[in-house]
Amino acid sequence: MTPPVIQRWIDIIDNHRPEELDGLLAGDAVFYSPAVFSPQEGKAKTALYLGAARSCSRPRTFTTSASGSASAPQCWSFAATVDGIYVNGVDMIEWNDDEKIVSFK
């Protein structure tokens, strides 16, 4: 079963609604990127990076490798074809008791 916070993330991506990221992210959210060598701290920076990732992420299929927990990150594998190139990766997402994402890697 997909946790509600993850389903909201998938819905935002699938339906091109980046304006809803603000309601999904905690104020102290942190985005970790393989392309940027330091954590990007805060809701605004996290939303900026996730919004950019959204544009190259469609369509994605998600599967989980962990059970739902607000205290431990979940790993979600994804696959997408971007400009004819197959991409496969993993998102590590952690959220708080308020169903807000606090860490996205």
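Using a 1.4 angstrom probe, figure out how much accessible area region 1-44 has per residue, in square angstrom, rounded to the nearest whole. It would help to have the intermediate numbers written out before the result.
Values: 2500 Å² over 44 residues.
Value for region 1-44: 57 Å² per residue.
Any chance you could run the full-extension gain for Thr2 through Lys105? It's 0.36 nm times the residue separation minus the Cα-Cα distance, nm to one decimal. Please list the in-between numbers first.
Details: separation 103, 0.36 × 103 = 37.08 nm, distance 1.83 nm.
Contour length minus the Cα-Cα distance gives 35.2 nm.
Under 18 Å from the Cα of Lys105, which aspartates and glutamates turn up, not counting those fewer than eight places away in the same chain?
Asp22, Asp28, Glu41, Asp91, Glu94
The values are calculated or read from the model by the stated rules, or taken from the named source; none is laboratory data. Not measured: the values here are computed from a predicted model. Each accessible area value is taken on the protein alone, full model and side chains, heavy atoms only, with ligands, DNA and RNA left out. Shrake-Rupley method; radii C 1.70, N 1.55, O 1.52, S 1.80 Å.
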